[in-house]
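Enquirer: Starting off with a structure, shown below.
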């Protein structure tokens, strides 16, 4: 059973919606980059770098997200949790009082981050918005929980990227990225 602190969930969602809205003003960035503005250093290197396409399956002109530390390596088990806490703290620091009266258009994505197969299909279909590790961009993260199979990351996907994420969901072999309403429907029996 998944336990959600609804107050924290809602507060972090509003905070993240506002933060993402500000990032979307940076229209010079690629789809892969625009919502990865939070990019801390680990071991003296930025966590994310952005590379021109290396695989032929990518759309022309796409950008690939490259992690400097493999988040799926067992010795880096801390990475997602640490990065999650840092990015939430950063959002609170630059925007301590989110405006909960503002309505934002988009959807909530659920990613089962411990259960991926690195095939790159979701990355290809989303122009890099969903990365090679089937992970949504860090600026969109707002809640982290756990179920019996691992950690669950909740991400806010602004409306303009919903189609790209739909395309990524369609090709995801394990169905570990899914819209919240579909995740809830699939887990009602738990």
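Enquirer: Springs between alpha-carbon pairs under 10 angstrom, Gaussian network model over the chain: which of 175, 27, 126 fluctuates most?
Expert: 27
Enquirer: Suppose only helical runs count, i.e. DSSP H with n ≥ 4. What mean residue ellipticity at 222 nm does that imply for the chain under -39500 (n - 2.57) per run, divided by all residues and rounded to the nearest 500 deg cm²/dmol?
Expert: Calculated at 222 nm, the ellipticity per residue is -9500 deg cm²/dmol.
Enquirer: Could you work out the relative contact order of the range 77-176, using alpha carbon pairs under 8 angstrom and six or more residues apart, expressed as a whole percent? It would help to have the intermediate numbers written out before the result.
Expert: Values: 142 pairs, mean separation 33.2, N = 100.
In percent, rounded to a whole number, it is 33.
Enquirer: A further question on this structure: Provide 145, 81, 62 in ascending order of the number of other Cβ atoms located within 10 Å of each residue's Cβ, fewest first.
Expert: Going from least to most buried by this count: 81, 145, 62.
Enquirer: Mind giving me the FRET efficiency for residue 181 and residue 93? R0 is 30 Å, r the Cβ-Cβ distance, nearest 0.05 is fine.
Expert: Taking R0 as 30 Å, the efficiency between residue 181 and residue 93 is 0.40.
Enquirer: Between residue 100 and residue 42, what is the spin-label point distance in nm, taking each point 7 Å from the Cα along the Cα→C-beta axis?
Expert: Each label point is offset 7 Å from its Cα along the Cβ direction, giving 3.3 nm.
Enquirer: At 7 Å along Cα-to-Cβ for each site, give me the label-to-label distance between residue 7 and residue 21 in nm.
Expert: With each label point 7 Å from Cα toward Cβ, the separation is 2.4 nm.
Enquirer: Using a Gaussian network model on the chain with a 10 Å cutoff between Cα atoms, which of 74, 64, 123 fluctuates the most?
Expert: 74
Enquirer: In what order do 188, 146 fall by count of nearby beta-carbon atoms within 10 Å, going from fewest to most?
Expert: 188, 146
Enquirer: Using a Gaussian network for the chain with springs between C-alpha atoms less than 10 Å apart, which of these wobbles most: 71, 158, 96?
Expert: Among 71, 158, 96, the largest GNM mean-square fluctuation belongs to 96.
Enquirer: Still on this structure, please answer the following. At a threshold of 8 angstrom on Cα-Cα distance, excluding pairs fewer than six apart, so keeping six or more, what relative contact order does the range 6-186 reach in percent? Don't jump to the answer; show the numbers that get you there.
Expert: Working: 302 pairs, mean separation 47.1, N = 181.
Relative contact order, the range 6-186: 26 percent.
Bear in mind that the values in this text are calculations on the coordinates, not laboratory data. Owing to the predicted nature of the structure, the values given are computational and were not obtained by experimental measurement. Neighbour counts are summed over all protein chains in view; Cβ atoms, including those assigned to glycine, are modelled from backbone coordinates with ideal geometry.
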